[in-house]
Amino acid sequence: MDMATLRNIAAFAPILAAPDFVTGAWTEPQRSAEGVITMAWFHLSEPASAFVAAIATEDVAAHYRKPVDEEARAVLMHMAEHPSAIADASIDQIAWILTFQLRADRFSEGSLARAFETGLMRAIAERAAVLCEIDRKTKNPAKLAPSGVFDGGRGKD
């Protein structure tokens, strides 16, 4: 993920932190006049939908990186399940978690809603803002990512 993408994510930090932020709501199952049943699905609010669209537009999911080993994977899963752990996330870790969340919602309706409701997406946007500020001050984003966390999907040599 590049710094422009990170800045776009960071721009959502105040929106997701606002006291009146609402993730969305579940729809009701419906039956059409022809008898076709539409199952319930989660309808994201406009701000939540805009955040997801910004991620998809920036093609974060196209940059999926395979964790180097099980330890790195365990760290990433811990971050995905514990929003407070995002405070130490690198840019690559944020990209992996966002990709994980986008893909999870394809298979389990409401996964993105849960990521918003648990504070994970807010924590990611806030961490992105911190990383952008560090980059602005240092002008050296290469120092932000710990080495050895990802290998670009090649696996261990």
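A few notes on this one:
- Cβ pairs under 6 Å, 6+ apart, first in segment 129-150 and closer than 22 Å to LEU76 by Cα and among the small types (Gly, Ala, Ser), second modelled with pLDDT of 50 or more and in a loop (DSSP other than H, G, I, E, B): ALA145/SER90
- Considering segment 2-29, the residues that are over 18 Å from PHE42 (Cα atoms) and of a type in the set (S, T, N, Q) include one that is modelled with the highest pLDDT, namely ASN8.
- Exactly one residue out of SER90, SER111, SER84 is loosely packed, with under 11 Cβ neighbours inside 10 Å and either modelled with pLDDT of 90 or more or in contact with a helix residue (DSSP H, G or I) (Cβ under 6 Å, 6 or more places away or on another chain) (or both): that is SER84.
- Filter result for VAL68 (of a type in the set (Val, Ile, Thr), at pLDDT below 90 and either closer than 17 Å to ALA13 by Cα or surrounded by 20 or more Cβ atoms within 10 Å (Cβ to Cβ) (or both)): no
- Taken over segment 36-58, residues that are of a type outside the set (S, T, N, Q) and modelled with pLDDT under 90 amount to 8.
- Residues (in a helix (DSSP H, G or I), hydrophobic (A, V, I, L, M, F, W, C) and surrounded by 12 or more Cβ atoms within 10 Å (Cβ to Cβ)) located in segment 1-31: MET3, LEU6, ILE9, ALA10, ALA13, ILE15, LEU16, ALA17
- Residues that are in contact with a Ser or Thr (Cβ under 6 Å, 6 or more places away or on another chain) and of a type outside the set (A, V, I, L, M), drawn from segment 93-121: ASP105, PHE116, GLU117
- The condition (being of a type outside the set (Lys, Arg), under 25 Å from ALA53 (Cβ atoms) and modelled with pLDDT under 95) is satisfied by just one residue among ASP135, ASP151: ASP135.
- Only residues that are within 16 Å of SER111 (Cβ to Cβ) and part of a loop (DSSP other than H, G, I, E, B) were counted across segment 32-44, and they come to 3.
- Only listed residue being part of a helix (DSSP H, G or I), at pLDDT below 95, closer than 27 Å to LYS139 by Cα and not polar (S, T, N, Q), chosen from ALA61, ALA74, ALA104: ALA61
- The single condition among (1) closer than 23 Å to TRP26 by Cα; (2) modelled with pLDDT under 80; (3) of a type in the set (D, E, K, R) that ARG122 does not satisfy is (2).
- Residues that are more than 17 Å from LEU16 (Cβ to Cβ) and hydrophobic (A, V, I, L, M, F, W, C), drawn from segment 93-123: ALA95, TRP96, PHE100, ALA104, PHE107
The values are calculated or read from the model by the stated rules, or taken from the named source; none is laboratory data. Because the structure is predicted, anything quoted here is derived from the model rather than measured. Please note: Cβ atoms are built from the backbone with ideal geometry, for glycine as well, and neighbour counts cover all protein chains shown.
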